[in-house]
Amino acid sequence: MPNIIVVGAQWGDEGKGKIIDILSKYADVVARYQGGHNAGHTVVVNEEEFILHLIPSGILHREKICIIGNGVVIDPEALIEEIEGLENRGVAIKDNLFISKNSHLIMPYHRILDRESERSKGVKSIGTTGRGIGPAYVDKMARIGIRMLDLLEPQIFREKLEANLSHINNLLHTIYKTDRLDIEEIISKYMGYVERIGIYITDVSMLINKFMKDGKSILFEGAQGTLLDVDHGTYPYVTSSNATAGGACTGLGIGPTKIDGVLGVSKAYTTRVGGGPFPTELKDETGESLRTKGREYGATTGRPRRCGWLDTVLVRYSVRINGFNGIALTKLDILDEYPEIKICIGYKYKGKIYDEMPHEHSVLWGCEPVYEKIEGWQESTIGIKAYKDLPAKAQAYIKRVEYLVGVSIDIISTSQKRDDTIIKRNPFKDY
Ligand code: IMP
């Protein structure tokens with residue numbers, strides 16, 4: 001049974017939630033491998049909107065197993081809030097959720113350090129979600145992180161926290177001039193969380209490998225997007241994890257030989273939230289209209305997203321980094337009314353044309369996009385479910401994008417709703 005990774009091909013917010021929700025039907029297990037509650041995956045089921053931050057979108061299918069891997073950083077308070085929010089809306093979460101023992105905990109000081117470090121950067125701030133994600137990964141790499149399994153051994157939890165606080169309280173007090181944190185308060189809070197989430201903590205690598213051995217299909221759910229990946233994104237304006245396909249192996253404890261295919265998800269235009277370079281950003285009426293029509297406001301923070309035309313330099317780069325077999329193109333309907341649509345095919349900087357993703361700051365910040373103009377179709381594509389029913393000009397747009405990015409567009413989303421989707425090739429059947 002196939003195992004498929006779904007990855008964002010841009011700067012996150014590509015509509016992965018809906019695509020994962022649709023594909024969950026063909027998988028037995030949905031597993032999240034990186035990031036934290038900085039993510040916001042929106043899924044609409046029977047007119048009802050769900051926004052998931054940590055729990056895999058597969059949870060909306062009652063019989064699916066959902067896994068949170070070791071590569072994810074978890075704020076237990078946010079997780080409990082999400083579990084309770086879903087349960088209150090009738091979504092059962094009991095024996096179908098598993099959390100890796102080795103996933104790292106977001107601690108109260110991580111949130112404070114995230115906020116203070118952003119404040120100290122001033123205009124150069126990254127525009128993080130303020131959830132403590134970066135500082136939690138810093139501790140993981142510095143080998144002072146506190147993990148899920150430490151919650152189950154109170155003495156070890158106390159010792160690790162004591163060691164961390166002795167240093168962090170000095171930092172908070174002397175550098176950031178904030179109050180010191182009280183160890184007993186944190187311990188009592190975190191031990192309280194164990195009662196609520198202790199039952200889900202397990203050895204996820206063992207579990208997922210057993211599922212694969214038993215012939216079950218796994219859908220690996222990436223959060224954020226390729227250009228936010230800490231290694232391959234527009235560093236330092238990135239998140240602190242590997243959002244790209246490779247992260248699925250390290251973030252869950254599985255081998256690359258177990259992966260059968262990778263699907264990239266890209267919007268039919270581009271958005272970005274937070275700081276950092278964005279060559280096709282439109283700071284004019286067209287950018288504003290994309291934001292309004294596409295309801296481009298962050299699912300986690302509510303911040304307005306920066307908007308622009310589709311950038312095929314970025315998406316082609318994502319194809320290379322992730323080895324996409326194909327792409328799911330979302331929000332095609334948002335382009336319905338434009339008489340002319342632009343596609344970025346390269347960047348121009350100091351007289352030179354770049355058609356491969358540059359990493360130099362000077363180029364990324366200073367370049368001008370080179371556009372190709374496409375005639376708009378100017379009719380509604382909302383709710384179209386068969387490729388042949390798309391206007392000929394919309395088909396031409398899709399074909400042109402396929403040519404420019406170098407892989408086929410296998411899924412096309414024509415509204416937020418689950419059913420408003422064209423599936424030309426199903427990754428679980430055709431990859
Ligand atoms: P952090 O992940 O909170 O550290 O934020 C780092 C950067 O990633 C900021 O620009 C955030 O806006 C961006 N970011 C983090 N998570 C998401 C997401 O799920 N969608 C879009 N942008 C995100």
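The values are calculated or read from the model by the stated rules, or taken from the named source; none is laboratory data. Quick caveat: nothing in here was measured; it's all calculated off a predicted structure. Positions of Cβ are backbone-derived with ideal geometry, glycine not excepted, and every protein chain shown enters the neighbour counts. SASA here: full protein model, heavy atoms, side chains in, ligands and nucleic acids out. Shrake-Rupley method; radii C 1.70, N 1.55, O 1.52, S 1.80 Å.
Only four residue types carry charge here, +1 at the Cβ of Lys and Arg and -1 at the Cβ of Asp and Glu. Report the dipole size of the stretch 346-431 about the Cα centre in Debye, rounded to the nearest 20.
Charge dipole, the stretch 346-431, about its Cα centre: 160 debye, nearest 20.
Taking a cut-off of 14 Å between Cα atoms, list the aspartates and glutamates near K177, but don't count ones fewer than 8 places away on the same chain.
K177 reaches E116.
Have a look at A394, N169, N70 and report the one farthest towards the positive end of the charge dipole of the chain, computed about the Cα centre with Cβ charges (Lys/Arg +1, Asp/Glu -1).
A394
Per residue, how much accessible surface does the chain expose to a 1.4 Å probe? Answer in Å², no decimals.
For the chain, the solvent-accessible area averages 41 Å² per residue.
With the cut-off at 1.5 for a/c, could you classify the stretch 139-271 from its C-alpha gyration tensor as rounded, prolate or oblate?
Since a/c reaches 1.5 but b/c is at least a/b, the shape of the stretch 139-271 is classed as oblate.
Quick one: which residues, 5 or more positions from I201 or on another chain, have an amide H under 5 Å from its amide H? H modelled 1.01 Å from N in the peptide plane, none for Pro or chain starts.
I99
May I ask which of K216/K258; K267/K293; K121/K283 have a Cα-Cα span longer than 19 Å here?
K121/K283
Taking the Cα centre of each part, how many Å lie between the stretch 220-234 and the stretch 370-431?
Distance between centres, Cα-based: 23 Å.
Which parts of the stretch 55-78 would a label at D260 reach, counting a residue when its backbone N lies under 15 Å from a point 7 Å out along Cα-to-Cβ?
Output list for this probe position: empty.
Among rounded, prolate and oblate, which fits the stretch 98-147 when a ≥ b ≥ c are the square roots of the eigenvalues of its C-alpha gyration tensor, a/c under 1.5 means rounded, and a/b larger than b/c means prolate?
Prolate, since a/c reaches 1.5 and a/b exceeds b/c.
Can you give the charge dipole size of the stretch 1-150 about its Cα centre, rounded to the nearest 20 debye, using +1 on the beta carbon of Lys and Arg and -1 on the beta carbon of Asp and Glu?
Using only the charged Cβ atoms, the result is roughly 560 debye.
Given the pairs K25/K213; K16/K160; K64/K124, which are separated by over 31 angstrom at their Cα positions?
Flagged as over cut-off: K16/K160; K64/K124.
I'd like to know which of G12, S57, M141 lies farthest towards the positive end of the charge dipole of the stretch 1-147, counting +1 on Cβ of Lys and Arg and -1 on Cβ of Asp and Glu.
About the Cα centre, the residue reaching furthest to the positive side is M141.
Could you work out [θ]222 nm for the chain from helices alone, using -39500 (n - 2.57) per DSSP H run of at least four and dividing by all its residues? Round to the nearest 500 deg cm²/dmol.
Estimated from H runs of four or more residues: -9500 deg cm²/dmol.
Compute the Cα gyration tensor for the stretch 219-309, then decide on rounded, prolate or oblate, letting a ≥ b ≥ c be the square roots of its eigenvalues: rounded whenever a/c is under 1.5, prolate when a/b is larger than b/c in the other cases, and oblate in all that remain.
Because a/c hits 1.5 or more and a/b exceeds b/c, the stretch 219-309 counts as prolate.
Roughly to the nearest percent, how much of the accessible area of the stretch 311-361 is carbon and sulfur, given a 1.4 Å probe?
Answer for the stretch 311-361 is 50 percent, counting heavy atoms of protein chains only.
Mind giving me the nanometre distance, one decimal, between the label points for S166 and I382, set 7 Å out from Cα along Cα→Cβ?
With each label point 7 Å from Cα toward Cβ, the separation is 6.3 nm.
Please enumerate, by chain and number, the aspartates and glutamates with C-alpha under 19 Å from the C-alpha of K429, excluding those fewer than 8 residues away in the same chain.
D21, D28, D214, E221, D260, D410, D419
If you average the alpha carbon positions of the stretch 288-360 and of the stretch 1-76, how far apart do those two centres end up, in angstrom?
Cα centroid to Cα centroid, the span is 22 Å.
Just name one of L219, G274, T292: the one whose Cα is farthest towards the positive end of the charge dipole of the stretch 213-332 (beta-carbon charges, Lys/Arg +1, Asp/Glu -1).
Farthest along the dipole direction, towards plus: T292.
Suppose the chain between M1 and V138 were pulled fully straight at 0.36 nm per residue; how much longer would it get relative to their current alpha carbon spacing?
45.7 nm
How many percent of DSSP beta bridges within the stretch 53-210 run antiparallel, rounded to 5?
10
What is the Cα centroid distance between the stretch 159-174 and the stretch 100-122, reported in whole angstrom?
13
Among 338-344, 178-184, what's the highest-first ranking by average C-beta atoms within 10 angstrom per residue?
My ranking of the peptides, most packed first, is 338-344, 178-184.
Between 0 and 90 degrees, rounded to the nearest ten: what's the tilt of helix 76-88 against the longest Cα principal axis of the chain?
Tilt relative to the chain: about 60 degrees.
Quick one: putting +1 on the C-beta of Lys and Arg, -1 on the C-beta of Asp and Glu, what dipole do you get for the chain around its Cα centre, in Debye to the nearest 20?
Magnitude of the dipole: close to 740 debye.
When the accessible area of the stretch 117-263 is split by element with a 1.4 Å probe, what percent falls to carbon and sulfur?
The value for the stretch 117-263 is 55 percent carbon and sulfur by accessible area.
Expressed as an acute angle from 0 to 90° and rounded to the nearest 10, what is the orientation of the C-alpha long axis of helix 312-322 relative to the principal long axis of the chain?
Once rounded, one gets 50 degrees.
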